[in-house]
Amino acid sequence: MSTIEKRRCAGFDLDVQSVRDLNGALHAAVEPGVWEVINPKGRHALAVGLTLAHEVRIVGHAGYYCAGMNQLAKVVVEGNAGTGVAENMMSGKVHVMGNASQSAGATAHGGLLVIDGDASARCGISMKGINVVVKGSVGHMSAFMGQSGTLVVCGDAGDALGDSLYEAKLFVRGKVASLGADCVEKEMRAEHLVLLTRLLQEAGSGAKPEEFRRYGSARKLYHFHSDHVASY
Amino acid sequence: MCGIVGLFFKNSEMEPELGHHFAPMLETMCSRGPDSAGFAVYDQESREGWFKLSLYHPELGYEWSKVAEGLGAVGFEKVANHVLMEVPEPDGPVLQQMQLRWPEVTVMSAGRRIQIMKDMGTPQEVVERFGVRGMRGSHAIGHTRMATESAVTTAGSHPFSTGMDVCLVHNGSLSNHNRLRLNLEREGMVFHTENDTEVAAGYLAWRLKQGKSLHDALEASLQDLDGFYTFAVGTHDGFAVLRDPVACKPAVMAETEDYVAMASEYRSLAELPGVEKARLWEPEPGVVYSWSR
Amino acid sequence: MNPSLRESQLFSRGVIHEIQRAAEEGIYDIRGWGTKKALPHFDDLVFLGASMSRYPLEGYREKCATDVVLGDRFAKKPLHLKIPITIAGMSFGSLSANAKEALGRGASEVGTSTTTGDGGMTVEERGHSDLLVYQYLPSRYGMNPDDLRKADAIEIVLGQGAKPGGGGMLLGQKISDRVAMMRDLPKGIDQRSACRHPDWTGPDDLAIKIEELREITDWEKPIYVKIGASRTYYDVKLAVKSGADVIVLDGMQGGTGATQDVFIEHVGIPTLPALRQAVQALQEMGMHRKVQLIISGGIRSGADVAKALAMGADAVSIGTAALIALGCNHPKWQSDYEKLGSAAGFYDDYQAGNDPAGITTQDPALTARLDPLDGARRLANYLRVLTMETQTLARACGKSHVHNLEPEDLAALTIEAAAMAGVPLAGTDWIPGKGKGM
């Protein structure tokens, strides 16, 4: 799809039109378009379930589950995003220019989520392949039960980072308040720096890869064992 | 399970506009709590030696003049099924006197500035019924309720008064309130509903009675209250916010030079003046936030 | 055995064995199946067949309809089932691909729905199920918006009767390459699924989640909310307030693929009282029959189905019984069961992954033992029998539609059942506890 074909712009004013109007139009479109949404005012489920490479600009703050289950589309929130932004995203890109609330990128399988500000608790919970780059800090229990994918935190991480982690890769530049059960610091190898460099670049962050530390699963909780009973 | 909102003016010039800004905040939270709604407004202080009562009786035709006369009030203001009056500080505790003489009347709040009103119905209905839009004051907290385990009644609505000029609203669900209620009853606290929030309110009142500061009382609640909660607390001259350490229930704060506001969702803050330039953040788990002036 | 030996009621041989096993292994017992203890159940209720005061319908001749519509509260495309019996959610991973295929084929043959489970939707089960309900679980294993749109309904799972308040489990021995791939996890590791959803908690946030799912699927798919029976009266009301089209209520007798025994036997309330509380909650809200209620947890026969409908359910769901129909615990595998220290009729080690019947396993040699076509035929036969039995009882009570069965068509044989089901003790008009609500 060339850029020229995508230039079909449409504007939505959510003070006048409903969220259903917006999502209905986005779903009914037969080819990708460029869309602008004004007056979101924290409304929920904006631009959810997209399947085409739309470009959606949300001017203002979004409520819960903005860009949920996104496929291929690029969604930009020029404000803060509520709970579960880009939850279960499969592909595409979601960019939050402000802060994100809890469970950002929860269970997402793919695509890139960039948060310019901070993300609160449980960022990347049960992540399954998504790449998340947070330019600020993340709250407690981030990457809880993270299965795969990458969480990059340019600021600090709250308590219990990576609790019960599976194979997700975590990179933190600042302080980590505490590591969760079975999460340990790991050696930063060349391939990790390559991955980190690419993600920082894609996210438009100027942070230097060598300033980050890597965390991952110790894999000690992969099988039930009474010796680990205190960790369950 | 509910929506909660709070608005606290740092700039006293905004006081005439309190209801105008606060009413839409409450109405927007209807989807989180359609069963009942309530609020506490903090307005001008009562005369020295007097204090304000907010009283409730389900019957609109209830004869309030006898109560007012009995308590020595100079008149009263009837607002739907509530009545507001200023009474002189009596020799004995007024609340006990109320309980003995007019057990059919519920005391919603007592204090020098606080007035609590709450009722069944959607937030829109409650806002209209009590004329919230025209109210003035320095701060207000409010609640819209989706009843979980206790009954949908006026008494089970929030806010719950926790003593003179203090009240509490709650979003979440406590998991140890039954045993805690028994323990507090043993300490002399009185409860009127099966509601978990009333226990949290009673707990705070008990801690305050022990001489703890509001901040310390809230800190202590982190140890003694189990379950999920976001609390907003109104006090004589300020308000406070606390989330439990797991912090699943949402809360968002906005602060400008003129005000501090909190809500379960940003939607409720969206129409506040200058909110687009406000500092927006989510309260950290297990951290007590408080403002006063 | 020496007849003078006296077994302790408290420390029975089973209890002694379990203490010794725990001391040996240092881990709690994890197993499949459902509760094994005796509980008040539908067996404790009987129908008051018509005679003089009521007129029965002629068996096999006079019409007794069995169809049901699920999810017409908000969804544009509700499900139309020919029979009020559905197949409960069971995951690929917990069950073999052949078992899932057999369930889909068998259910489709008689015009009812099947349900996915924790682990996502397989191509085979979508292909072989005319009506497929897609479970939306805390783990979100294999959760995919394409599959969401392919589903006929979405079931948000909050809990399960075998373990209200607990998450899923799948032990490493059942994590094959395919299961691992579908769940985005390494092969062979023990999986603990979350007990809470990762991005919402409580009914106020559930309402927003339901709104999102409806927006994604353009308000077409019915949204079911599944709960494990515990604080049922409240949970049902909250599910309605959150915007559910259908409530799936799983009683304590509901089965599981792998759960701690202590959970199975000690958490939740039986199906009988849960059903009554759910119907009471719906009726108080004026939503009975508007938000449909599917009950599960120990449904075995047409009698169970008819009694559940009479108490107010719109449909029932079966899990364990469906597996038995496919061949689980069949005597033909007796020698294999014995090798595992079990026996036909006792086998409950669904967690172990070495099911001789080839149903709850991923072992290719074992899964080949279940021919999906044969399994489908058996399941369809069984569902037909359940349906005919249900009709038989409904006709005997003079009903031309099974949904016209009422609690007043029932009497209870025990005080416990009378109290829990809210129907009078047989021969009396006494319902213990009536008048005190809930």
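The criterion of at least 1 residues that are farther than 21 Å from residue B:137 by Cβ, within 14 Å of another protein chain (Cβ to nearest Cβ) and free of Cβ contacts under 8 Å to residues at least 40 places away in the same chain is met, among strands (runs of 3 or more DSSP E) falling completely within the stretch B:165-277, by B:252-255. The number of residues in the stretch C:161-186 that are surrounded by fewer than 20 Cβ atoms within 10 Å (Cβ to Cβ), farther than 30 Å from residue C:242 by Cβ and modelled with pLDDT of 85 or more comes to 5.
If the condition is being closer than 13 Å to residue A:142 by Cβ and not in a loop (DSSP other than H, G, I, E, B), then the stretch A:170-205 contributes A:170, A:171, A:172, A:176, A:179, A:183. Can you tell me which residue within the stretch C:337-362, out of those that are open to solvent by less than 60 Å² (accessible area, probe 1.4 Å), aliphatic (A, V, I, L, M) and in a loop (DSSP other than H, G, I, E, B), is nearest to residue C:317 (Cα to Cα)? That would be C:359. The set of residues in the stretch B:253-280 being hydrophobic (A, V, I, L, M, F, W, C), over 18 Å from the mean Cα position of the chain (by Cα) and within 15 Å of residue A:64 (Cα to Cα) consists of B:269, B:270. Mind checking which residues of the stretch C:110-131 are touching an Asp or Glu at 6+ places or on another chain (Cβ under 9 Å) and among the acidic types (Asp, Glu)? Answer for the stretch C:110-131, where residues must be touching an Asp or Glu at 6+ places or on another chain (Cβ under 9 Å) and among the acidic types (Asp, Glu): C:124, C:125, C:130. On the phi < 0 side of the Ramachandran plot and facing chain C (nearest Cβ under 10 Å): is that true of residue A:95 in this structure? So residue A:95 fails the test.
The rows are residues; the columns are (1) open to solvent by less than 10 Å² (accessible area, probe 1.4 Å); (2) within 12 Å of the chain's Cα centre (by Cα); (3) within 22 Å of residue C:208 (Cβ to Cβ).
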{"residue": "A:36", "(1), (2), (3)": "no, no, no"}
{"residue": "A:71", "(1), (2), (3)": "no, no, yes"}
{"residue": "A:75", "(1), (2), (3)": "yes, yes, yes"}
{"residue": "A:99", "(1), (2), (3)": "no, yes, yes"}
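Quick check, is residue C:283 modelled with pLDDT under 95 and either open to solvent by 40 Å² or more (accessible area, probe 1.4 Å) or in a helix (DSSP H, G or I) (or both)? No; evaluated as a whole, the condition is false for this residue. Residues in the stretch C:187-197 that are open to solvent by 20 Å² or more (accessible area, probe 1.4 Å), more than 24 Å from residue A:86 (Cβ to Cβ) and in a loop (DSSP other than H, G, I, E, B): C:187, C:188. Here residue B:151 meets the list (1) small (Gly, Ala, Ser); (2) surrounded by 18 or more Cβ atoms within 10 Å (Cβ to Cβ); (3) under 29 Å from residue C:205 (Cβ atoms); (4) touching an Asp or Glu at 6+ places or on another chain (Cβ under 8 Å) almost entirely, failing just condition (2). Considering every residue within the stretch B:158-177, establish whether at least one is exposed (fewer than 14 other Cβ atoms within 10 Å of the Cβ), hydroxyl-bearing (Ser, Thr, Tyr) and within 25 Å of residue B:118 (Cα to Cα). The answer is yes; a qualifying residue exists. Residue B:127 passes every criterion in (1) open to solvent by less than 30 Å² (accessible area, probe 1.4 Å); (2) of a type outside the set (Ser, Thr, Tyr); (3) closer than 17 Å to residue B:200 by Cα apart from (3). Scanning the stretch C:12-54 for residues that are touching a Lys or Arg at 6+ places or on another chain (Cβ under 7 Å) and part of a helix (DSSP H, G or I) yields a single hit, C:42. When the stretch C:198-218 is filtered for residues that are in a loop (DSSP other than H, G, I, E, B) and either within 29 Å of residue C:363 (Cβ to Cβ) or at the interface with chain A (Cβ under 9 Å from one of its Cβ atoms) (or both), the ones remaining, listed by number, are C:198, C:199, C:200, C:217, C:218. From the residues in the stretch B:131-148 that are assigned to a helix (DSSP H, G or I) and open to solvent by 10 Å² or more (accessible area, probe 1.4 Å), which one is nearest to the other protein chains (Cβ to nearest Cβ)? Checking each candidate, the answer is B:133.
In the stretch A:25-66, what residues are on the phi > 0 side of the Ramachandran plot and without any contact (Cβ under 8 Å) to a residue 24 or more places away in the chain?
Of everything in the stretch A:25-66, those that are on the phi > 0 side of the Ramachandran plot and without any contact (Cβ under 8 Å) to a residue 24 or more places away in the chain turn out to be A:60, A:65.
Only one of the listed residues (C:16, C:27) is within 31 Å of the chain's Cα centre (by Cα) and either among the hydrophobic types (A, V, I, L, M, F, W, C) or surrounded by 10 or more Cβ atoms within 10 Å (Cβ to Cβ) (or both). That residue is C:27.
Selection within the stretch A:116-132: residues that are free of Cβ contacts under 8 Å to residues at least 24 places away in the same chain, part of a strand (DSSP E or B) and not charged (D, E, K, R). The member of this set that is farthest from residue B:277 (Cα to Cα) is A:129. With in a helix (DSSP H, G or I), open to solvent by 10 Å² or more (accessible area, probe 1.4 Å) and closer than 30 Å to residue C:397 by Cβ as the only criterion, which of C:310, C:365, C:322, C:303 stands out? Checking each option against the conditions leaves just C:303. Taken together, A:169, A:208, A:135, A:128 contain a single residue that is charged (D, E, K, R), away from chain C (no Cβ under 14 Å) and in contact with a strand residue (DSSP E or B) (Cβ under 9 Å, 6 or more places away or on another chain), which is A:135. Within the stretch C:34-54, the set of residues being small (Gly, Ala, Ser), in contact (Cβ under 8 Å) with a residue 12 or more places away in the chain and either open to solvent by 80 Å² or more (accessible area, probe 1.4 Å) or more than 30 Å from residue C:164 (Cβ to Cβ) (or both) comprises C:49, C:50. Residue A:156 fulfils the conditions (1) within 14 Å of another protein chain (Cβ to nearest Cβ); (2) buried (at least 18 other Cβ atoms within 10 Å of the Cβ); (3) touching a Ser or Thr at 6+ places or on another chain (Cβ under 9 Å); (4) more than 20 Å from residue A:110 (Cα to Cα) except for a single criterion, (2). Of the residues making up the stretch C:155-174, those that are away from chain A (no Cβ under 13 Å) and hydrophobic (A, V, I, L, M, F, W, C) are C:156, C:157, C:158, C:162.
Does residue C:216 count as of a type in the set (A, V, I, L, M) and closer than 23 Å to residue B:149 by Cα?
no
The values are calculated or read from the model by the stated rules, or taken from the named source; none is laboratory data. Because the structure is predicted, anything quoted here is derived from the model rather than measured. Virtual Cβ from ideal backbone geometry, glycine too; neighbours counted across all protein chains shown. Calculation scope for accessible area: heavy atoms of the full protein, side chains included, ligands and nucleic acids excluded. Shrake-Rupley method; radii C 1.70, N 1.55, O 1.52, S 1.80 Å.
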